[in-house]
Amino acid sequence: MRRAGQVVREVLELVRSKVKPGATTYDLEKAAEARLEKLRVKAAFKGYHGYPCVLCTSINSEVVHGIPSPKRVLKQGDIVSVDFGVVVDGYYGDAAITVPVGAIDNDAARLLKVTEASLQAGIAAVRPGATLGDVGAAVQGVVEGEGFSVVRDFVGHGIGAQMHEDPQVPNFGEAGRGMKLRPGMVIAIEPMVNAGKPDVMVLADGWTAVAKDGSMSAHFEHTVAVTPTGPRVLTE
Ligand code: MF3
Ligand code: CO
């Protein structure tokens, strides 16, 4: 799974380098596809329940599952969330980053910082004997402490020989509640954070989830293994 995670990281960093005003989300998709072809690695999302692309690219108030398109031109001040997964020798890796397009305003910058910090807090809660409630509470505490909201309608997940396995990994919860983590488990922790209210709705394309109040939304994700001594981030 570390090998899958390394490919995910390599492609996400490539995509990050292509994010600039004037680029389209389809340019990002093509760059990711070309690198996958060179590495001879299979994308995890394309074909998953009919999803048409290797990347999900979600701009501004889009929360997750935005579909790359040559019509979607990035402009200065936007933020774009890029979610990506692969399968290597039967095992999955899955991660997401939110990237600023040129210079962004202070509120957007704080949203990115807090969302990434909430993911790090969730990861820091991972150890044998900790619970999924500990992880969710750690994420939620950082997000709500900054006045932002945790999206409830989408959650993280177990990951391994399938992209989505049990258990669900909510980005909210109560410390001490829920399944206990054990060495060898691997989970994808993926806070989706809205600057405004937590409510989301799915657009008519059947995929794109957006913040109902139109507020900006950020998403960071890592695939994280539970080891005897604590977390190991497979997608770093
Ligand atoms: N990457 C998403 C997740 O983190 C799943 C993408 S759904 C797909 O669970 F349909 F786009 F593949
Ligand atoms: Co995921």
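Some points to look at:
- Whichever residue in region 178-196 is away from ligand 2 (no atom under 16 Å from the Cβ) and buried (at least 20 other Cβ atoms within 10 Å of the Cβ) and, among such residues, is nearest to Ala211 (Cα to Cα): Asn194
- Scanning region 64-86 for residues that are of a type in the set (A, V, I, L, M, F, W, C), assigned to a loop (DSSP other than H, G, I, E, B) and away from ligand 1 (no atom under 13 Å from the Cβ) turns up just one, Leu74.
- Put simply, of Gly122, Gly129 the only residue that is open to solvent by less than 10 Å² (accessible area, probe 1.4 Å), within 16 Å of Glu174 (Cα to Cα) and either in contact (Cβ under 8 Å) with a residue 60 or more places away in the chain or not hydrophobic (A, V, I, L, M, F, W, C) (or both) is Gly122.
- Residue among Lys20, Lys30, Lys38, Lys42 that alone is farther than 27 Å from Asp199 by Cα, in contact with a Gly (Cβ under 8 Å, 6 or more places away or on another chain) and of a type outside the set (Ser, Thr, Tyr): Lys20
- Selected residue (only one of Ala175, Ala161, Ala211 is away from ligand 2 (no atom under 16 Å from the Cβ) and out of contact with any strand residue (DSSP E or B) (no Cβ under 6 Å at 6 or more places or on another chain)): Ala175
- Residues that are within 16 Å of ligand 1 (Cβ to nearest atom), more than 25 Å from Val202 (Cα to Cα) and in contact (Cβ under 8 Å) with a residue 60 or more places away in the chain are absent from region 47-63.
- Of residues in region 122-140 being touching a helix residue (DSSP H, G or I) at 6+ places or on another chain (Cβ under 7 Å) and under 23 Å from Val64 (Cα atoms), the one farthest from ligand 1 (Cβ to nearest atom): Ala138
- Scanning region 15-25 for residues that are polar (S, T, N, Q) and in a helix (DSSP H, G or I) yields Ser17, Thr25.
So that you can scan it fast, the table gives a plain yes or no per residue for (1) more than 21 Å from Lys197 (Cα to Cα); (2) open to solvent by 10 Å² or more (accessible area, probe 1.4 Å):
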| position | (1), (2) |
| --- | --- |
| Val63 | no, no |
| Gly90 | yes, yes |
| Ala95 | yes, no |
| Val101 | yes, no |
| Asp105 | no, yes |
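- The set of residues from region 28-46 being touching a residue at least 24 places away in the same chain (Cβ under 8 Å) and among the charged types (D, E, K, R) comprises Glu29, Arg35, Lys42.
- Flag: Thr235 does not match the condition of being in contact (Cβ under 8 Å) with a residue 12 or more places away in the chain and surrounded by fewer than 19 Cβ atoms within 10 Å (Cβ to Cβ).
- From the list Leu112, Leu28, Leu12, Leu36, the lone residue that is in a helix (DSSP H, G or I), closer than 23 Å to Asp153 by Cβ and either away from ligand 2 (no atom under 16 Å from the Cβ) or open to solvent by less than 70 Å² (accessible area, probe 1.4 Å) (or both) is Leu112.
- Each residue in region 165-177 was checked for being part of a loop (DSSP other than H, G, I, E, B) and surrounded by fewer than 17 Cβ atoms within 10 Å (Cβ to Cβ), and 4 of them qualify.
- Gly156 closer than 24 Å to Arg232 by Cα, without any contact (Cβ under 8 Å) to a residue 60 or more places away in the chain, within 16 Å of ligand 2 (Cβ to nearest atom) and not hydrophobic (A, V, I, L, M, F, W, C): no
- Note on region 69-82: residues that are within 18 Å of Tyr26 (Cα to Cα) and surrounded by fewer than 23 Cβ atoms within 10 Å (Cβ to Cβ) amount to 8.
The values are calculated or read from the model by the stated rules, or taken from the named source; none is laboratory data. No experiment lies behind these values; they were computed from the predicted model shown. When we count neighbours, we look across all protein chains shown, and the Cβ atoms used for this are built from the backbone with ideal geometry, even at glycine. Ligands, DNA and RNA are excluded from the accessible area calculation, which covers all protein heavy atoms including side chains. Shrake-Rupley method; radii C 1.70, N 1.55, O 1.52, S 1.80 Å.
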